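The structure appears right after this line, and notes come after that.
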Amino acid sequence: MKVMRWTATALVLLPLSVSALPLRETTKQISAAARAKGVVRIAILPLEARGATGSHDGEVLAEKLTAQIVNLGQVRVVERSRLADVMAERRLAETGATGTAVRPAEIAAPSLQAAAAVVTGTFLRRGGKMHVSVRLVHASSGEILAATEEDFSWENAQDAGLGDPGSWTL
């Protein structure tokens, strides 16, 4: 009976650990390069599609990169893809409509942090394969500080464990 419970647990955990594989090496390389170049704060932009694609794979890939880099903890990541939502929440807090009276001076004090570098790149999906090229670019000079490429299996976002962010394990 104990063997069956352990086997059932292993079968449940296996798909979750496999889903963490896409972009794992890219995450490590970009984070290490940022640290080596003295970059402590980055922004991650959606990856651009090359070739024919009719989905939001670039945004999904950027979200996966964001989650993995944040959880790796080597560099800080500032929000840019959902910045309009962050600013809307900030404006809402200023009105007092959230039930907490926030004075404008308290809101003005914590300003948005600038990114020293930006993670950007492209992806190409061909059949069941995904090719991703990612660059770490210095925000002021435009200098490419690091570049990496990674290939992995990908039929769609769900196949790579990326379709449901709640299922991501890092």
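I need the calculated FRET efficiency for the pair Glu149 and Asp85, taking r as the beta carbon distance and R₀ as 22 Å, to the nearest 0.05. Let's see the in-between values first.
Details: r = 31 Å, r/R0 = 1.42.
So, using R0 = 22 Å, E works out to roughly 0.10.
What are the aspartates and glutamates whose alpha-carbon lies under 19 Å from the alpha-carbon of Lys28, with same-chain residues fewer than 8 places away excluded?
Reachable aspartates and glutamates: Glu63, Glu149, Glu150, Asp151.
For the residue pair Glu48 and Leu72, what label-to-label distance in nm results when each label sits 7 Å from Cα along the Cα-to-beta-carbon direction?
Between Glu48 and Leu72, the label points sit 2.3 nm apart.
Using the Karplus equation 6.51 cos²θ - 1.76 cosθ + 1.60 (θ = phi - 60°), what ³J(HN,Hα) coupling, rounded to whole Hz, does each residue of the range 126-139 give in order, writing x for Gly and Pro?
For the range 126-139, the Karplus-derived couplings read 10, x, x, 10, 10, 10, 10, 10, 10, 10, 9, 10, 4, 5 Hz, x marking Gly and Pro.
Along the Cα→Cβ direction, 7 angstrom out, place labels at Thr98 and Glu59. What is the inter-label distance in nm?
Going from the Thr98 label point to the Glu59 one covers 2.3 nm.
Going by amide H atoms built from the backbone, whose H comes under 5 Å of the H on Leu145, apart from near neighbours?
Excluding prolines and chain starts, which carry no amide H, the hits are Leu136, Val137, His138.
Quick one: if you stick a label point 7 Å off each Cα along the C-beta vector at Ser141 and Arg35, how many nm between them?
Taking the two extended label points, one gets 2.2 nm.
FYI, it's all coordinate maths here, none of it is from the lab. All figures in this text were calculated on a predicted structure; none of them were measured in a lab. Using ideal geometry, Cβ is built from the backbone for each residue, glycine included, and neighbour counts are taken over all protein chains shown.
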